[in-house]
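Trainee: I am attaching a structure below and will ask some questions about it afterwards.
The values are calculated or read from the model by the stated rules, or taken from the named source; none is laboratory data. All figures in this text were calculated on a predicted structure; none of them were measured in a lab. Every residue, glycine as well, gets a Cβ built from its backbone with ideal geometry; the counts of neighbours run over all protein chains shown.
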Amino acid sequence: MGSAVTDVPSMGDDKPLSGRHAVVTGGGRGIGAHVAARLAKLGADVTVVGRTQATLDAQATAITARHKVRAAAEVVDVGDPEAIKNGFARAADRLGPPTILVNNAGIALSAPFHRTDLDLWNRIMQVDATGPFLCTQQVLKGMLAAGWGRIVTVASGAGLSGYPYVTAYCAAKHASVGMVRALAREVATKGVTVNAVCPGYVDTDIVTNTLDNIIAKTGRSREEALAELVAHNPQGRLVTCDEVADAVAWLCLPSSASITGQSIIIAGGELM
């Protein structure tokens with residue numbers, strides 16, 4: 001007979017991230033807002049990062065009121081290296097060195113390949129690939145010093161496959177996934193995990209804008225445009241922000257310590 005197990009954490013601990021400071025980029029709305037709220041519910045203090053002060057302030061206030069944790073807002077353009085450096089320094093001064101980072105901020109712009117000029121390419125690369133790189137650099141040293149850290153990048157199914165008319169976006173998301181895999185191996189023995197979540201089309205403002213573009217360019221109805229977007233999802237629907245947030249939160253748990261270098265697909269079976 002096996003020996004008794006005596007060191008299993010209590011399943012009644014509903015605040016497993018208490019005492020941790022999580023930074024969520026793009027945290028004012030959409031997926032980022034749901035992620036920030038989910039981490040706060042698990043006990044983490046949260047800094048929401050984004051570009052609109054009023055939106056971020058409202059999110060931080062709501063988090064504190066509902067979950068009784070500390071929350072702060074930082075206006076940072078993740079396409080601006082100096083803004084990232086200064087914003088993360090302020091966040092650490094307020095709530096302590098971050099031990100959780102969720103790289104969620106991103107942009108999605110479409111164009112046929114022959115119309116994808118260098119400005120479009122560079123803009124998407126700067127925000128969707130270089131931004132997560134720079135944000136991760138700001139927190140990794142502190143995580144290594146603490147011997148504990150969770151880095152989760154919200155990539156996309158486009159980071160694992162190819163899609164037409166979004167060459168730059170696919171390239172940037174592939175770059176982010178590659179960074180996750182490489183860094184995960186580099187810090188595998190340091191108590192820091194590095195993962196990605198790769199959603200399909202999520203019910204967010206970005207998808208709303210995509211639908212508007214399809215309607216404007218093709219004359220299709222909104223229902224027809226939506227059907228085109230979800231046609232490759234076997235479940236025939238958009239992914240919800242809550243589904244993505246739950247996956248991110250799971251990767252941030254202490255009990256997820258052996259999960260690193262992974263790209264968790266949240267796409268209703270579209271990719272396997």
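Trainee: Considering only region 125-158, how many residues are out of contact with any Pro (no Cβ under 9 Å at 6 or more places or on another chain), outside any helix (DSSP H, G or I) and surrounded by fewer than 19 Cβ atoms within 10 Å (Cβ to Cβ)?
Mentor: 1
Trainee: Any residue in region 55-70 that is farther than 18 Å from P98 by Cβ, of a type in the set (K, R) and in contact with an Asp or Glu (Cβ under 7 Å, 6 or more places away or on another chain)?
Mentor: We begin by selecting, within region 55-70, every residue farther than 18 Å from P98 by Cβ; these are 55, 57-58, 61-62, 65-66, 68.
Right, trim to of a type in the set (K, R) and you get 66, 68.
Narrowing further to those that are in contact with an Asp or Glu (Cβ under 7 Å, 6 or more places away or on another chain): none.
There is no residue in region 55-70 that is farther than 18 Å from P98 by Cβ, of a type in the set (K, R) and in contact with an Asp or Glu (Cβ under 7 Å, 6 or more places away or on another chain).
Trainee: Only residues in region 242-265 that are part of a loop (DSSP other than H, G, I, E, B) count as the first member; pair them with residues that are of a type outside the set (K, R), Cβ under 6 angstrom, at least 6 apart or cross-chain, and list the lot.
Mentor: L253/P16; T260/A184; T260/T193; T260/V194; G261/A184; Q262/N195
Trainee: Starting from region 58-84, keep only residues that are in the same structural domain as R29 (by TED's automatic domain parsing) and modelled with pLDDT of 95 or more, then list their pairs with residues that are among the basic types (K, R) and not in a helix (DSSP H, G or I) whose Cβ atoms are within a distance under 7 Å, requiring at least 6 positions of separation or different chains.
Mentor: Every condition considered, the pairs that remain are T64/R70; V75/R51; D77/R51.
Trainee: A further question follows. If you scan region 159-188, which residues turn out to be crowded, with 16+ Cβ neighbours inside 10 Å, modelled with pLDDT of 95 or more and not in a helix (DSSP H, G or I)?
Mentor: The answer is L160, S161, V187.
Trainee: Now for a separate question. Quick one: in region 146-169, which of the residues that are of a type in the set (A, V, I, L, M, F, W, C) and in contact with a Cys (Cβ under 6 Å, 6 or more places away or on another chain) is nearest to L183 (Cα to Cα)?
Mentor: Checking each candidate, the answer is A155.
Trainee: OK, next. Would you mind stating whether I266 is modelled with pLDDT under 90 and not assigned by TED's automatic domain parsing to the domain that holds H34?
Mentor: Criteria not met by I266.
For every residue, the table says whether it meets (1) surrounded by 18 or more Cβ atoms within 10 Å (Cβ to Cβ); (2) of a type in the set (F, W, Y); (3) farther than 28 Å from G19 by Cβ.
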| site | (1), (2), (3) |
| --- | --- |
| R222 | no, no, yes |
| A225 | yes, no, yes |
| A231 | no, no, yes |
| P234 | no, no, yes |
| V239 | yes, no, yes |
| V248 | yes, no, no |
| L251 | yes, no, no |
| A257 | no, no, no |
| L271 | no, no, yes |
